[in-house]
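Trainee: A single structure is presented below for examination.
The values are calculated or read from the model by the stated rules, or taken from the named source; none is laboratory data. Quick caveat, the model's predicted, so the values are computed rather than measured. No Cβ is skipped: glycine too gets one built from the backbone with ideal geometry, and neighbour counts run over all protein chains shown. Accessible surface areas use protein heavy atoms only, side chains included; no ligands, DNA or RNA. Shrake-Rupley method; radii C 1.70, N 1.55, O 1.52, S 1.80 Å.
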Amino acid sequence: MQVTGAVLEASGLPSPYAQSQPLKLRTLQLDAPGRGELLVKVSAAGLCHSDLSVIEGARPRPLPMVLGHEAAGRVIGIGADTQGFAIGDQVVFSFVPTCGHCAPCASGRPALCEPGAAANTAGSLLGGGRRWHLDAATPNHHLGVSAFAEATVVSAHSAVVIDSRLPAEIAALFGCAVMTGVGAAVNTAKVQPGESVAVFGLGGVGLAALLGARAAGAYPLIAIDVLPAKLELATELGATHVVAAGEGAVKEIRDITKGGAQTTIETVGNEMVLAQAYAATRRGGTTVTAGLPHPSKMFSVPAVSLVAEERTIKGSYMGSAVPSRDIPRYVALYRAGLLPVDRLLTHRLRLDEINAGFDRLARGEAVRQVVLFD
């Protein structure tokens, strides 16, 4: 079938992207789903900083590539030997396809799936194939999803069936922002009631982490960002304290918590912010990082503090999630009013507005923007 999709043909183009147009709208030929794959009509797709990092060139990917990884849609085709899906199901995509058999999957850590990581690096689906065609080229798949298109083919291991009544523009957020942010708080950090938490960076993932920590009963719950509007939103979403990012932030957090937060969660993807988060963590506490810095950046800490203060530094990829378990669970918490993730949605876009949307994201003027296809 023919579909329109946003294709990244060259990374590192200068901003503003509304002028340089790194994402080109192309008419693509999409193959039918293969064995263990689904054909999905995309309903809504979110703009994430991970997409922006590929556009900027900070996270190199094989090009050309149909970008996008946070989305929801409806199943319109099912490949052979594919179980658990029906035509018309609403699905949310998971940006790490999980084989279920490798050592990380078998130990309950599917976010670290080895075949999934290899496929994502190669720009293929989990089975190794590519289903896009553009003239003489075969574009790559972004994180097994390629959601910035009217329809896409994904591995069945990249999709989770959810409540069909959930609006697609909200459902899409569960595929990355919510799964990553809430998961960083409840899965990676395992925040307990009454524990102090400080969240650095209030984009979609950071605010989702704030919501997860609030649902877990964190107190005090401190939000840190450079933008006053995001600090105001964090207060509305349950932060008990807000701190302007900068040189005095660490001292202010340590004063609020009387020695440092039990858990700090860094979502900016900046090694200097990560160092601040570590400095704001109390003795015996845990520093969680869910941001993705440039691969060349390094992070250092006083080595003695790891032993003498029994400190822990933990990475959190995809919110340490089990997508088939966590996405429906988080949807249920949203429906119960405990995770108001609809407040993260700040802009609705057409596909032809996507480059301007990434300008807005780069300026920090949006939390989550969603391209609507229906």
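Trainee: Given the conditions (1) without any contact (Cβ under 8 Å) to a residue 24 or more places away in the chain; (2) more than 20 Å from the chain's Cα centre (by Cα), and given that GLN2 satisfies all but one, which numbered condition is not satisfied?
Mentor: GLN2 satisfies every listed condition except (1).
Trainee: If the requirement is being touching a Pro at 6+ places or on another chain (Cβ under 9 Å), buried (at least 24 other Cβ atoms within 10 Å of the Cβ) and at pLDDT 95 or above, which of these qualifies: PRO104, PRO97? Can you show your working first?
Mentor: Details: PRO104 fails: buried (at least 24 other Cβ atoms within 10 Å of the Cβ).
None of the other options fit; the residue is PRO97.
Quick grid of which residues meet (1) open to solvent by less than 20 Å² (accessible area, probe 1.4 Å); (2) free of Cβ contacts under 8 Å to residues at least 12 places away in the same chain; (3) over 25 Å from GLY269 (Cα atoms):
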| site | (1), (2), (3) |
| --- | --- |
| ALA18 | no, no, no |
| LEU30 | yes, no, yes |
| GLU37 | yes, no, yes |
| CYS48 | yes, no, no |
| ASP51 | yes, no, no |
| GLY57 | no, no, no |
| GLY68 | yes, no, no |
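Trainee: Scan the stretch 352-369 and tell me whether some residue there is surrounded by fewer than 17 Cβ atoms within 10 Å (Cβ to Cβ), assigned to a strand (DSSP E or B) and modelled with pLDDT of 95 or more.
Mentor: The answer is no, given that none of the residues of the stretch 352-369 is surrounded by fewer than 17 Cβ atoms within 10 Å (Cβ to Cβ), assigned to a strand (DSSP E or B) and modelled with pLDDT of 95 or more.
Trainee: With respect to ASP81, is the statement that it is among the charged types (D, E, K, R) and on the phi > 0 side of the Ramachandran plot true?
Mentor: Yes.
Trainee: What number of residues within the stretch 107-156 are assigned to a helix (DSSP H, G or I) and either open to solvent by 20 Å² or more (accessible area, probe 1.4 Å) or closer than 17 Å to VAL322 by Cβ (or both)?
Mentor: Summing the residues that are assigned to a helix (DSSP H, G or I) and either open to solvent by 20 Å² or more (accessible area, probe 1.4 Å) or closer than 17 Å to VAL322 by Cβ (or both) in the stretch 107-156 gives 11.
One line per residue, one yes/no per condition, for (1) open to solvent by 20 Å² or more (accessible area, probe 1.4 Å); (2) part of a strand (DSSP E or B):
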| site | (1), (2) |
| --- | --- |
| VAL161 | yes, yes |
| GLU169 | yes, no |
| MET179 | no, no |
| VAL186 | yes, no |
| PRO193 | yes, no |
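Every residue, every condition in (1) out of contact with any Asp or Glu (no Cβ under 8 Å at 6 or more places or on another chain); (2) aliphatic (A, V, I, L, M), yes or no:
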| position | (1), (2) |
| --- | --- |
| PHE200 | no, no |
| ALA208 | yes, yes |
| LEU221 | yes, yes |
| PRO228 | yes, no |
| LEU237 | yes, yes |
| ALA245 | no, yes |
| ALA249 | yes, yes |
| ILE256 | yes, yes |
| ASN270 | yes, no |
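Trainee: Of (1) farther than 28 Å from ASN355 by Cβ; (2) in contact with a Pro (Cβ under 9 Å, 6 or more places away or on another chain), ASP81 satisfies all except one. Which?
Mentor: Against the list (1) farther than 28 Å from ASN355 by Cβ; (2) in contact with a Pro (Cβ under 9 Å, 6 or more places away or on another chain), ASP81 comes up short only on (2).
Trainee: So which of PRO97, PRO115 ends up being under 21 Å from the mean Cα position of the chain (by Cα) and free of Cβ contacts under 8 Å to residues at least 40 places away in the same chain?
Mentor: Among PRO97, PRO115, only PRO115 is under 21 Å from the mean Cα position of the chain (by Cα) and free of Cβ contacts under 8 Å to residues at least 40 places away in the same chain.
Trainee: Which fully enclosed helices (runs of 4 or more DSSP H) of the stretch 239-334 have 3 or more residues being among the hydrophobic types (A, V, I, L, M, F, W, C) and surrounded by 15 or more Cβ atoms within 10 Å (Cβ to Cβ)? Reasoning before the result, please.
Mentor: Working: elements: 249-257, 271-279, 303-308.
Output list reads 249-257, 271-279.
Trainee: Just wondering, is there one or more residues in the stretch 340-347 that are open to solvent by less than 40 Å² (accessible area, probe 1.4 Å), of a type outside the set (Asp, Glu) and either outside any helix (DSSP H, G or I) or over 22 Å from ALA177 (Cβ atoms) (or both)?
Mentor: Scanning the stretch 340-347 turns up at least one residue that is open to solvent by less than 40 Å² (accessible area, probe 1.4 Å), of a type outside the set (Asp, Glu) and either outside any helix (DSSP H, G or I) or over 22 Å from ALA177 (Cβ atoms) (or both).
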